[in-house]
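The values are calculated or read from the model by the stated rules, or taken from the named source; none is laboratory data. These numbers were taken from a predicted model, which means no experiment stands behind them. So basically every Cβ, Gly included, is an ideal-geometry build from the backbone, and we count neighbours across all protein chains shown.
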Amino acid sequence: MKVKFGVVVFPGSNCDHDAYYSLKKVLGYDVNFLWHKDTDLQNSDVIILPGGFSYGDYLRTGAIARFSPVMNSVISFAVQGGYVIGICNGFQILLEAGLLPGVMLKNKALQFVCKDVYLTVENKDTVFTKGMSLEKKLIIPVAHGDGNYFANEETLKNLIENKQIVFKYSSKNGERKESDNPNGSVMNIAGIINKEGNVLGMMPHPERSCNPVLGKMDGALIFNSLVNNIFN
Amino acid sequence: MYKAKVLIKRRPSILDPQGKAVEKGAQHLGLKNISQTRIDKYIEFLVDSDEEKAAQEEVRLYCSKLLANPIMEDFEFELEKV
């Protein structure tokens, strides 16, 4: 079976083509763009909510995109167990849509951060990380101004208990100190999944770490893990 | 017709890095007595309704579903007949 990815295009998305290119041209999957005004997900097996600045980041990041017609279909798809990956602005949209818990605040230092970061894999039993070594630190770039993940104590407790924290910002050696945290995110959280395990939100951009020409391939591990674990 | 005036404030427990940064500007300006600067949102719009209660309901829905994120923000509003 050839897995079909659907990349949603909101007004202001700017990593939609990166995701399309990496998934189709580099990794060889089927990919369709899904326009935000459409409601048909075109039989996609996996939905990608890409990075960017949907609706200009007005009001709060992701707040307006969450009410796009396509999001009703994405929410139904996710509730029925469909696989959804929200990257950066896509993660913010998932939070606003209530598909993942918590909120995203402005980076603690108020600066837009654009650099490669190291990530620890906190849970290797998810469909997005199965097969990854806990020893390995992923190198994936971040590029955001609002990546300071915040959740109240009860939510954090649930995230820990249910092993929903998937990635944390770390040093090269896997230490998760404040100095390894690019945005002030609580507990160095870089990516989480929902309790059911089919919706992943992450601030780093795996689609920018998929091409050997660029010297980084760790993002591909996430997409390939999902495909290998679920669809093959 | 009513004019709605909405104030959306982040909960005190939520960090406001923007307020902190602006406060640094106050210090550079030489203002010594300024503290706890918080930057929140004030929003105005019209509600085409003659029923105050119905208008209130619509504003409350707009605030709780879209204008404010109930996880980190509280809102209050007033209606003015125009």
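Quick one: which residue in B:Gln56, B:Gln18 is modelled with pLDDT under 95 and either out of contact with any Cys (no Cβ under 9 Å at 6 or more places or on another chain) or more than 14 Å from chain A (Cβ to nearest Cβ) (or both)?
Only one candidate passes the filter, namely B:Gln18.
Can you tell me which residue among A:Leu99, A:Leu41, A:Leu95 is within 14 Å of chain B (Cβ to nearest Cβ), assigned to a loop (DSSP other than H, G, I, E, B), touching a residue at least 24 places away in the same chain (Cβ under 8 Å) and not polar (S, T, N, Q)?
On inspection, the qualifying residue turns out to be A:Leu99.
Does A:Asn107 satisfy the condition of being within 14 Å of another protein chain (Cβ to nearest Cβ), surrounded by fewer than 22 Cβ atoms within 10 Å (Cβ to Cβ), in contact with a strand residue (DSSP E or B) (Cβ under 8 Å, 6 or more places away or on another chain) and part of a loop (DSSP other than H, G, I, E, B)?
On the way: within 14 Å of another protein chain (Cβ to nearest Cβ): yes; surrounded by fewer than 22 Cβ atoms within 10 Å (Cβ to Cβ): yes; in contact with a strand residue (DSSP E or B) (Cβ under 8 Å, 6 or more places away or on another chain): yes; part of a loop (DSSP other than H, G, I, E, B): yes.
For A:Asn107, the condition - within 14 Å of another protein chain (Cβ to nearest Cβ), surrounded by fewer than 22 Cβ atoms within 10 Å (Cβ to Cβ), in contact with a strand residue (DSSP E or B) (Cβ under 8 Å, 6 or more places away or on another chain) and part of a loop (DSSP other than H, G, I, E, B) - is met.
Here are the criteria: (1) touching a Phe, Trp or Tyr at 6+ places or on another chain (Cβ under 9 Å); (2) surrounded by fewer than 14 Cβ atoms within 10 Å (Cβ to Cβ); (3) of a type in the set (Ser, Thr, Tyr). Tell me which single one B:Tyr42 does not satisfy.
That leaves (1) as the condition not met.
Given the criteria part of a loop (DSSP other than H, G, I, E, B) and either under 14 Å from the mean Cα position of the chain (by Cα) or over 20 Å from A:Leu49 (Cβ atoms) (or both), does A:Met187 qualify?
Values: part of a loop (DSSP other than H, G, I, E, B): no; either under 14 Å from the mean Cα position of the chain (by Cα) or over 20 Å from A:Leu49 (Cβ atoms) (or both): yes.
Spelling it out, it is not the case that A:Met187 is part of a loop (DSSP other than H, G, I, E, B) and either under 14 Å from the mean Cα position of the chain (by Cα) or over 20 Å from A:Leu49 (Cβ atoms) (or both).
Looking at (1) closer than 24 Å to A:Met217 by Cα; (2) within 14 Å of chain B (Cβ to nearest Cβ); (3) in contact with a helix residue (DSSP H, G or I) (Cβ under 6 Å, 6 or more places away or on another chain), can you tell me which one A:Val113 breaks?
Answer for A:Val113: the failing condition is (3).
Does any residue of region A:175-184 turn out to be under 26 Å from A:Gly52 (Cβ atoms), within 15 Å of the chain's Cα centre (by Cα), crowded, with 22+ Cβ neighbours inside 10 Å and not charged (D, E, K, R)?
Looking for residues that are under 26 Å from A:Gly52 (Cβ atoms), within 15 Å of the chain's Cα centre (by Cα), crowded, with 22+ Cβ neighbours inside 10 Å and not charged (D, E, K, R), one finds none in region A:175-184, hence no.
So which residues in region A:116-169 are farther than 20 Å from A:Cys88 by Cβ, within 14 Å of chain B (Cβ to nearest Cβ) and either in contact with a Pro (Cβ under 6 Å, 6 or more places away or on another chain) or part of a loop (DSSP other than H, G, I, E, B) (or both), if there are any at all?
Those that are farther than 20 Å from A:Cys88 by Cβ, within 14 Å of chain B (Cβ to nearest Cβ) and either in contact with a Pro (Cβ under 6 Å, 6 or more places away or on another chain) or part of a loop (DSSP other than H, G, I, E, B) (or both): A:Asn152, A:Thr155.
Given the criterion modelled with pLDDT under 95 and farther than 20 Å from A:Pro50 by Cβ, identify the matching residue among A:Lys168, A:Lys163, A:Lys136.
A:Lys136
Being away from chain B (no Cβ under 14 Å) and either assigned to a loop (DSSP other than H, G, I, E, B) or touching a Cys at 6+ places or on another chain (Cβ under 6 Å) (or both) is the filter here; which residues of region A:44-59 pass it?
A:Ser44, A:Asp45, A:Pro50, A:Gly51, A:Gly52, A:Phe53, listed by residue number.
Scan region B:20-41 residue by residue and report those that are assigned to a helix (DSSP H, G or I) and in contact with a strand residue (DSSP E or B) (Cβ under 9 Å, 6 or more places away or on another chain). Give the steps one after another, and end with the answer.
Residues of region B:20-41 that are assigned to a helix (DSSP H, G or I), as a first pass: B:20-28.
Of everything in region B:20-41, nothing turns out to be assigned to a helix (DSSP H, G or I) and in contact with a strand residue (DSSP E or B) (Cβ under 9 Å, 6 or more places away or on another chain).
Kindly indicate whether A:Gly62 is within 11 Å of another protein chain (Cβ to nearest Cβ) and crowded, with 24+ Cβ neighbours inside 10 Å.
yes
Looking at B:Ala55, B:Ala26, which is the one that is surrounded by 15 or more Cβ atoms within 10 Å (Cβ to Cβ) and either of a type in the set (A, V, I, L, M) or over 24 Å from A:Asn107 (Cβ atoms) (or both)?
B:Ala55
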